[in-house]
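The values are calculated or read from the model by the stated rules, or taken from the named source; none is laboratory data. Keep in mind it's a predicted model, so treat the numbers as computed, not measured. Backbone-built Cβ (ideal geometry, glycine too); neighbour counts: all protein chains shown. All accessible areas refer to the heavy atoms of the entire protein, side chains included, with ligands and DNA or RNA removed. Shrake-Rupley method; radii C 1.70, N 1.55, O 1.52, S 1.80 Å.
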Amino acid sequence: MNENAASASSADAFARDLAGKRILVTAGPTQEAIDPVRYITNHSTGRMGYAIARRACERGADVVLVSGKTALTPPEGVEVVDVVSAQDMFEAVRDRYGSCDAVIKAAAVADYRPKHAADDKMKKKDGDMAIELERTVDILAWLGAHRMPGQRLCGFSMETRDVLENSRAKLERKNVDMICANCLKEDGAGFGSATNHLTLISRAREVDLPMMDKACAADRLLTELFSLEAKEV
């Protein structure tokens, strides 16, 4: 079954069960400028985040998609906010999260950026070159510290080892309701694939999903997140 057929089948199953909900989804990579020509980024294609945004919209939610640069067509019916850098993404989320029932942070945001971005192209010289880096804002931790009453927060944890242990620690450290853990080294679960293998980790339970296409994984994620009791913080 292809992604569109799976999506249509899922739409029949869930109807519009998220009607009345407003959901913010982040997706894709960020780009951190070194100079006007070069930047630091990662291999994220945005496919998982776009699948979540599309399925949430098809299930009746009012969806805002904050997206880094991707080659994907934005889902129909979704409000798209295009961003480039980690700082851009933070500001877009900060300005919109307060009106949302849930925030699902599926974007692969750079943890570091060049401390000084050159105004002109940096010319090649003999010998090595060092680029000083500084931390970007931890968007998920910021959301956990500033969460709204009744709001559900979900993050992703892409790991290469100790997947469940690192993801459980992230759940507590970031003060969120659910972490979607996956392993970059597992075939079919890394960046750019049509499928994913997620373990949905909350304080109440762990749900290990089988390998499935990202539209179906998005449905399972949304159902699990909205089955959790929202914090009245």
- Query: Is it the case that THR73 is β-branched (Val, Ile, Thr) and either buried (at least 22 other Cβ atoms within 10 Å of the Cβ) or free of Cβ contacts under 8 Å to residues at least 40 places away in the same chain (or both)?
  - Reply: yes
- Given (1) surrounded by fewer than 19 Cβ atoms within 10 Å (Cβ to Cβ); (2) under 28 Å from MET212 (Cβ atoms); (3) of a type outside the set (Gly, Ala, Ser), ARG38 misses just (2)
- Message: Given the criteria of a type in the set (Lys, Arg), out of contact with any Lys or Arg (no Cβ under 7 Å at 6 or more places or on another chain), over 27 Å from GLY188 (Cα atoms) and touching a residue at least 12 places away in the same chain (Cβ under 8 Å), does ARG96 qualify?
- Response: yes
- Task: Show the residue pairs that are 6+ apart or on different chains and have beta-carbon atoms under 7 Å apart, the first residue being within region 184-211 and among the aromatic types (Phe, Trp, Tyr), the second being in a loop (DSSP other than H, G, I, E, B).
- Result: PHE191/HIS43; PHE191/SER44; PHE191/THR45
- Matching residues in region 187-208 - criterion: being among the aliphatic types (A, V, I, L, M) and open to solvent by less than 60 Å² (accessible area, probe 1.4 Å): ALA189, ALA194, LEU198, LEU200, ILE201, VAL207
